[in-house]
Amino acid sequence: MTEAAQEILFNPMDPAFRANPYPAYRALRENMPMWRSPFGFWVATRHADITAILRDKRMGHDFEGRHMRGPEPWRLDEPAVRNLGQTMLVRDPPDHTRLRGLVARAFTARLMEEMRPRIRQIVHDLIDAVEASGEMDVVRDFAHKLPVIVICDMLGIPEEDRAQFLERSRVSGRLVDPTPMSREELDLANTNNLELEAYFTSLFERRRREPGDDLTTALVQARDEDGALTDAELMWNTSLLFAAGHETTANLIGNGLLTLHRYPDQLARLKAEPGLMPNAIEEMLRFESSVQMTGRTAFEDVEVGGVTVAREESVICLLAAANRDPEAFPTPDPETFDVARPGVRALSFGGGIHFCLGAQLARIEGEEAFSVLLERLPNLRLEGMDDLSWRPTFTLRGLTTLQARW
Ligand code: HEM
């Protein structure tokens, strides 16, 4: 295969590729499962290779080193990029271990399960708001609102402050894309960061004066009483919870509903057998993964999938390609959607030490969103399924809009 042909196989800049990246993933997985791109980074597509990479202690993020060595070292001067570098998402041990430990205690399976009735109530409220009109934009009116309200609850963001988070997304998904950002995109991300910083500074002050039973109070106290994290880490890890849990979960709901309507037999089966819901959520995340990829950099030479990833080389791990690997999902055909697929061990939430902290929360949000939606709007139909508008982000896969009527 020529280099030009290889490049075409993985071109997240191309809207047609983003609309349906799966044939390209398959071609890579079958022909060059560890592909070294002309730009010098590796692209991994097999479930076994990606699982090994994510668990390998000889690989990590090396956030600053990677930027300094990359084609755009100046990006580290951009506030939004620098601030991302403060988050556990891209930090390596021991910083990662310390930061994750501070937040993890708020995300135990038991605490998440206790949130289920409240999450169900939020879903009912959102449907109450649109039911009589007979239509909604699923993305705007439903999918984006649920995770924002849930994380606002967890962070103790007062009701009166929530409109700004509900009205527009402050998430800059492009920051975690493998392709360069334009000046305009960077400016927008920097402005969003400034606004977030102003808001959270005032929230931290408020929680110092009026402590609550919420995660923000716990993190502020960890900062003030134990010196367990810096001001910048407090700021940007609190923001991370917003960013990491918002668009990803919204996209689970949007992509999942679309998939159910593309496979009406599966929708009918789920309606008839609601006990399949937890499995169906895993299958939605496998089939149209909200997070298509992550990346790791080698701290030393590492053998994986029959190649040597040399020290300081990076690997793009296409989680969504691994999620359709027939070696991991032999039957039924991984290119089909099956709500009863047995043993869905997908990589949708990553793996290893960075395994998604909010996985259980996202699953519960998904289960409640779909259960209530199917129960209360059983005749819901989608419009424009032949002319979908995918967001311009690659790593975070989701629709800009999805019209529904009932
Ligand atoms: C369907 C929804 C979600 C998906 C598909 C998803 C996916 C992921 C993935 C793939 C990673 C690992 C990234 C990597 O290894 O580089 C991750 C990490 C993370 N996620 Fe999620 N996520 C979802 C929802 C949430 C929610 C609701 C929260 C919290 C409110 C959350 C918080 C986090 C955090 C804090 C990390 C970083 C963990 C670490 O670095 O140790 N996520 N997520």
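For every residue, the table says whether it meets (1) closer than 30 Å to SER37 by Cβ; (2) touching a residue at least 40 places away in the same chain (Cβ under 8 Å).
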{"position": "SER182", "(1), (2)": "yes, no"}
{"position": "LEU188", "(1), (2)": "yes, no"}
{"position": "GLU205", "(1), (2)": "no, no"}
{"position": "PRO211", "(1), (2)": "no, no"}
{"position": "THR217", "(1), (2)": "no, yes"}
Flag if MET115 is among the aliphatic types (A, V, I, L, M), surrounded by 14 or more Cβ atoms within 10 Å (Cβ to Cβ) and over 23 Å from SER389 (Cβ atoms)
yes
Restricting to region 310-338, name every residue that is assigned to a helix (DSSP H, G or I) and either surrounded by fewer than 23 Cβ atoms within 10 Å (Cβ to Cβ) or among the small types (Gly, Ala, Ser) (or both).
ALA320, ALA321, ALA322
Give just the number: which of (1) surrounded by 16 or more Cβ atoms within 10 Å (Cβ to Cβ); (2) polar (S, T, N, Q); (3) more than 9 Å from the ligand (Cβ to nearest atom) does ASN237 not satisfy?
(3)
Under 8 Å by Cβ, and 6 or more places apart or on different chains, what pairs join a residue from region 294-309 that is under 13 Å from PHE63 (Cα atoms) and assigned to a loop (DSSP other than H, G, I, E, B) with one that is within 16 Å of the ligand (Cβ to nearest atom) and of a type in the set (A, V, I, L, M)?
PHE299/MET59
Considering residues that are more than 11 Å from the ligand (Cβ to nearest atom) and either crowded, with 17+ Cβ neighbours inside 10 Å or touching a residue at least 60 places away in the same chain (Cβ under 8 Å) (or both), the number found within region 255-272 is 12
Since ARG341 meets every condition but one in (1) modelled with pLDDT under 95; (2) buried (at least 18 other Cβ atoms within 10 Å of the Cβ); (3) away from the ligand (no atom under 16 Å from the Cβ), which condition does it not meet?
(1)
Scanning region 82-97 for residues that are within 8 Å of the ligand (Cβ to nearest atom) and in a loop (DSSP other than H, G, I, E, B), which turns out most open to solvent (accessible area, probe 1.4 Å)?
ARG91
Residue count, region 36-72 (criterion: open to solvent by less than 50 Å² (accessible area, probe 1.4 Å), over 24 Å from ARG345 (Cβ atoms) and not in a loop (DSSP other than H, G, I, E, B)):
3
Which ones in region 125-157 are surrounded by fewer than 16 Cβ atoms within 10 Å (Cβ to Cβ) and either in contact with a Lys or Arg (Cβ under 8 Å, 6 or more places away or on another chain) or part of a strand (DSSP E or B) (or both)?
GLU131, GLY134, GLU135
SER389 vs (1) of a type in the set (S, T, N, Q); (2) within 27 Å of GLN121 (Cβ to Cβ); (3) away from the ligand (no atom under 13 Å from the Cβ): all pass except (2)
Without any contact (Cβ under 8 Å) to a residue 60 or more places away in the chain and small (Gly, Ala, Ser) - does that describe any residue in region 337-349?
yes
Among the residues of region 273-299, write down those that are polar (S, T, N, Q), open to solvent by less than 20 Å² (accessible area, probe 1.4 Å) and under 22 Å from GLY398 (Cβ atoms).
SER289, SER290, GLN292
So, in region 344-386, how many residues would count as being under 19 Å from ASP265 (Cβ atoms), within 14 Å of the ligand (Cβ to nearest atom) and either assigned to a loop (DSSP other than H, G, I, E, B) or open to solvent by 20 Å² or more (accessible area, probe 1.4 Å) (or both)?
1
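The values are calculated or read from the model by the stated rules, or taken from the named source; none is laboratory data. These numbers were taken from a predicted model, which means no experiment stands behind them. Cβ sites come from the backbone with ideal geometry, for glycine too, and all protein chains shown count toward neighbours. Each accessible area value is taken on the protein alone, full model and side chains, heavy atoms only, with ligands, DNA and RNA left out. Shrake-Rupley method; radii C 1.70, N 1.55, O 1.52, S 1.80 Å.
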